[in-house]
Amino acid sequence: MKTLQKFTIQVLCLTVLLAVGKGAFAAEHEELVLPDNTNGQPISFVSCPAIQDTSTVPCWFADHGDTRYFLGIQQDIGAAFHPPQLKHRVLVEGRILDGYRLCGAPVIHPVTISVLPEMDLQCNEMVPAIPGIEPPPHERGAGPSNDGLEPRERAAPQPLPEPPFEAREFVLSFTFDSAVMRGTVTRIISQAFQYARQIDASAIEITAYRASSLLTGGQELIEQAHIAESRAEKLHTIFLEAGFDEDLFSVSASPGYLRGNGIADHLLRKAVIRVIP
Amino acid sequence: MKPKITIGGCLLILATAYSLAQESRIVLDQWWSPGQDEVLPREKAYPNSQGMLGVINDDAPVVTDGHAFFEAIGSNGRACVTCHQPADGMSLSVATIQERWQVTAGNDPLFAAVDGSNCPHLPQDDAASHSLLLEKGLFRIPLPWPGKDSHGKLITPEFTIEVVRDPTGCNTHPEYGLQSANPTVSVYRRPRPVANMKYIASTGGFFNIKTGMPLDKDPESGRSVGMNIMSDARAATLRVQARDAARTHLERKEELSEQQLQQIVDFEMQVFMAQSFQTQAGSLSDNGATGGPLSLLEGRRGLGDDFQTPVFGYFDVWRDASAAAAETPAQQEFRESVVRGNDIYMGRSFWISDAVHINSIGLGNPIKRTCATCHNMANTGMDLAPGYVDLGTTNMPTANNMPDLPLFKLTCNDKAPPHPFLGRVIYTHDPGRALISGLCTDIGAITMQQLRGLSARAPYFANGSADSLREIVDFYDRRFNIGYSQQEKQDLVNFLSVL
């Protein structure tokens, strides 16, 4: 109970401080909403992540040059930010958010984290809690959630499409060198399922790509040659498992790779599902 | 209207039986033999080392004469009940196994060569040939390699398997081993409890949130399933599991009939079990406490890692000493320990690290969470999502020392995503889910078990590597460097003992 009170006071204080400073923050226990930051300085690098304990959930960082940047905090699996993994280097792609410090560090936001598949045992830095370093407001602490019996918010149902139907594209983004479909991707796939069923699709085209990421230091990081094929095959399998007829599909992996320029390169690591009436 | 539960009323008689049982470790009347043909009552309590286990048949008393779960419907004299004994929480404790060896001089069908011995080629009248079963409660699970996916299609594994150590001789045997005409990997596992399946044999959504791929499907209905039934999630449904078990464990030659299948599944879906009485705490369902099997009949299904609807909220009433009405200070003390154990389970955070399908699914490695993060399924403590996780019970270097188990070296190919926290070369006693999926990521991933009726069915973990509840707690403490105090450990043990 004492811990909860302490946590409440800390979060409350932080919220007040942040609200005074920026004037646009969410209430206690609600997630911090950062500005879009479309004009922030792009930054891309590969390094070992570091995790720092706090009185509640830990903060995640990565170093570039002499600077340790804040990446995000531990959240639930449905969150947009998927934290790094110790024992692995991460590719960090995003923009520096001027005027902000979170968990005591400058912020990269928006940020895309790719956990590189191969292990690196040197990536093992855990920093103990330091008084004064606390995470931004967040919904769930290190213990049970507060969801309980409260019904989860459901997205409003999409209106049914009306004829004449048109071809629609659903674009999925992947982390570097990965074909794993996380929640953000599977939600879009589900939308593609829905649309294909609603319009009784006559054809579904799946095209998968691989790409490079241009690091801030000028190095080009290129995804493995087979990864586009792997993305395409997995998507094809998913659609077949969902009950779509094999005859509907045209599945391809784009040859070569899309070349990144250091700005939003994560969007090039993609697959496009085209649902045709 | 269902008859009123009378487990509480039977406690005095059962406590006497329990005392007798303690005097003699052999409790013959608890063993349910195939073809015993008695009626399994709607409710019954069985003594165990911690008190009593309650078993409820929610539909009605079960007439076992001619019942496919209780009759020896295979060729080796076993029935389903042989390895899923009511007194043992619908699983099988090593104490029971040892008693059967003594009573039958090793001739019980339980010790059938096919999987009740370390390997069928060994001399079957020698206890040493059954050492894994007699000492750790482990049955041999021979799995074809490569295996087949849920559609029956041969998988293309991402790794190769070498046998590094073969103490049973089975994995290198010319007839039964990896290089035989029918390449087979023999792993050794505990029988899982077949009860409380209302919660466990659930249907799912479409995606497995841990892998991002579709959940397996019920081959008959086409509906997605929860993938929580077996240690390696190889059977999508209880029907599939029953067919597989009849063919393998029971050595039945022909397929089960539709009537037999239905009888087995119907029974499994309506039988509930939980510890109902604890020698120090007393009845687990008195004075507002809701432990025991009764609350499982109408329990809520879903997530329980939240403050409002905790996984096991049965003993909150014991927080209030006046309301709990303990009869003695010792009883009050034990009940308070149980409450503390529950609070540790729900709220004591620690660093969960290097556990594949927990730390590798977008939550981060490590995550600062609690027991209930993974053991989140209301009323069972399993994982609501498919619960196969590499906790480290079978993979080196975290597995307990088990020199009597085989040791395999698995090497992942260059194209495959490696095991996230062990890399491309993994040494393991049991590759777990990877023997079914062929994925490096799945090496050592074992479906977590329910936490009910634990006092009736030691040893624990799928490979029997924890002889006691304390050893479970010690394993976690070591594995995740938690730093539990002695009091915290005892509180957790007491809490687990009353589930």
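The values are calculated or read from the model by the stated rules, or taken from the named source; none is laboratory data. Nothing here was measured: the structure is a model prediction, and the numbers come from that model. All Cβ positions, even for glycine, are placed from backbone atoms using ideal geometry, and neighbour counts span all protein chains on display. Just the protein is used for accessible areas: all its heavy atoms, side chains included, with ligands, DNA and RNA removed. Shrake-Rupley method; radii C 1.70, N 1.55, O 1.52, S 1.80 Å.
Within the range B:300-314, the residues that satisfy the criterion of being crowded, with 19+ Cβ neighbours inside 10 Å and in contact with a Phe, Trp or Tyr (Cβ under 8 Å, 6 or more places away or on another chain) are B:G304, B:V311, B:F312. Among the residues of the range B:394-428, those identified as open to solvent by less than 10 Å² (accessible area, probe 1.4 Å) and more than 13 Å from every other protein chain (Cβ to nearest Cβ) are B:T394, B:N395, B:L405, B:P406, B:F408, B:L410, B:T428. Of the residues A:V115, A:V46, A:V90, which single one is more than 22 Å from A:P137 (Cα to Cα) and facing chain B (nearest Cβ under 9 Å)? Only one candidate passes the filter, namely A:V115. Among the residues examined, A:T175 qualifies as within 13 Å of chain B (Cβ to nearest Cβ) and among the hydroxyl-bearing types (S, T, Y). In the range A:203-230, the residues that are in contact (Cβ under 8 Å) with a residue 24 or more places away in the chain and within 14 Å of chain B (Cβ to nearest Cβ) form Cβ pairs under 7 Å with partners that are hydrophobic (A, V, I, L, M, F, W, C) and assigned to a helix (DSSP H, G or I), at six or more places apart or across chains, as follows: A:R210/A:I227; A:R210/A:A228. Exactly one residue among B:P191, B:P157 is closer than 27 Å to B:L92 by Cα and open to solvent by 10 Å² or more (accessible area, probe 1.4 Å), and that residue is B:P191.
Has the range A:115-132 got at least one residue that is closer than 28 Å to A:T175 by Cα, of a type outside the set (A, V, I, L, M, F, W, C), touching a Ser or Thr at 6+ places or on another chain (Cβ under 6 Å) and at pLDDT 90 or above? Looking for residues that are closer than 28 Å to A:T175 by Cα, of a type outside the set (A, V, I, L, M, F, W, C), touching a Ser or Thr at 6+ places or on another chain (Cβ under 6 Å) and at pLDDT 90 or above, one finds none in the range A:115-132, hence no. Taking (1) under 17 Å from the mean Cα position of the chain (by Cα); (2) over 30 Å from B:G222 (Cα atoms) in turn, A:L214 satisfies each apart from (1).
Of all residues in the range B:64-94, those that are at negative phi and either part of a loop (DSSP other than H, G, I, E, B) or in contact with a helix residue (DSSP H, G or I) (Cβ under 6 Å, 6 or more places away or on another chain) (or both) total 20. Please indicate, with yes or no, whether at least one residue in the range A:188-195 is away from chain B (no Cβ under 14 Å) and either under 19 Å from A:G260 (Cβ atoms) or touching a residue at least 60 places away in the same chain (Cβ under 8 Å) (or both). Yes, some residue in the range A:188-195 is away from chain B (no Cβ under 14 Å) and either under 19 Å from A:G260 (Cβ atoms) or touching a residue at least 60 places away in the same chain (Cβ under 8 Å) (or both). Scanning the range B:473-496 turns up at least one residue that is in contact with a Leu (Cβ under 9 Å, 6 or more places away or on another chain) and open to solvent by 30 Å² or more (accessible area, probe 1.4 Å). Close contacts from the range A:129-148, counting a first residue that is surrounded by fewer than 17 Cβ atoms within 10 Å (Cβ to Cβ) and a second that is aromatic (F, W, Y), with Cβ to Cβ under 7 Å and a gap of 6+ residues or different chains, come to A:N146/B:F307; A:G148/B:F307. When the range A:234-243 is filtered for residues that are farther than 16 Å from A:V171 by Cα and either part of a helix (DSSP H, G or I) or not assigned by TED's automatic domain parsing to the domain that holds A:R269 (or both), the ones remaining, listed by number, are A:T237, A:L240, A:E241. Among the residues of this structure, B:G169 does not count as one that is assigned to a loop (DSSP other than H, G, I, E, B), within 14 Å of chain A (Cβ to nearest Cβ) and either out of contact with any His (no Cβ under 8 Å at 6 or more places or on another chain) or open to solvent by 10 Å² or more (accessible area, probe 1.4 Å) (or both).
Looking only at the range B:95-152, count every residue that is charged (D, E, K, R) and not in a helix (DSSP H, G or I) and tell me the total. Break it down stepwise before answering.
Step one: filter the range B:95-152 for residues charged (D, E, K, R), giving B:99-100, B:108, B:115, B:125-126, B:135-136, B:140, B:148-149.
Narrowing further to those that are not in a helix (DSSP H, G or I): B:108, B:115, B:125-126, B:140, B:148-149.
Of the residues in that region, 7 qualify.
For the range B:39-63, the tally of residues that are outside any strand (DSSP E or B) and aliphatic (A, V, I, L, M) stands at 1. The condition (being open to solvent by 10 Å² or more (accessible area, probe 1.4 Å), facing chain B (nearest Cβ under 9 Å) and at pLDDT 95 or above) is satisfied by just one residue among A:D53, A:D66, A:D76: A:D53. Checked against (1) out of contact with any Ser or Thr (no Cβ under 9 Å at 6 or more places or on another chain); (2) within 14 Å of another protein chain (Cβ to nearest Cβ); (3) over 25 Å from A:A192 (Cβ atoms), B:P219 passes all but condition (1). Every test in (1) closer than 17 Å to B:S283 by Cβ; (2) surrounded by fewer than 24 Cβ atoms within 10 Å (Cβ to Cβ) is passed by B:R335 save one, and that test is (2). Quick check on the range B:240-269: of everything there that is open to solvent by 40 Å² or more (accessible area, probe 1.4 Å) and among the basic types (K, R), which residue is farthest from the chain's Cα centre (by Cα)? Restricting to residues being open to solvent by 40 Å² or more (accessible area, probe 1.4 Å) and among the basic types (K, R), the top hit is B:K253. Listed by position, the helices (runs of 4 or more DSSP H) enclosed by the range B:267-351 that each have at least 1 residues that are at pLDDT below 95 and away from chain A (no Cβ under 14 Å) are B:321-324, B:329-347.
Every test in (1) surrounded by fewer than 22 Cβ atoms within 10 Å (Cβ to Cβ); (2) within 13 Å of chain A (Cβ to nearest Cβ); (3) out of contact with any Gly (no Cβ under 8 Å at 6 or more places or on another chain) is passed by B:N359 save one, and that test is (1). Residues of the range B:372-391 that are within 14 Å of chain A (Cβ to nearest Cβ) and touching a residue at least 60 places away in the same chain (Cβ under 8 Å): B:A372, B:T373, B:C374, B:H375, B:N376, B:M377, B:A378, B:G381, B:D383, B:L384, B:A385, B:P386.
In this structure, B:K210 does satisfy being at pLDDT below 95 and of a type in the set (D, E, K, R).
If the condition is being part of a strand (DSSP E or B) and of a type in the set (V, I, T), then the range A:182-232 contributes A:I204, A:I206, A:T207, A:I222. When B:M227 is tested against (1) within 14 Å of another protein chain (Cβ to nearest Cβ); (2) without any contact (Cβ under 8 Å) to a residue 60 or more places away in the chain, only condition (2) is not met.
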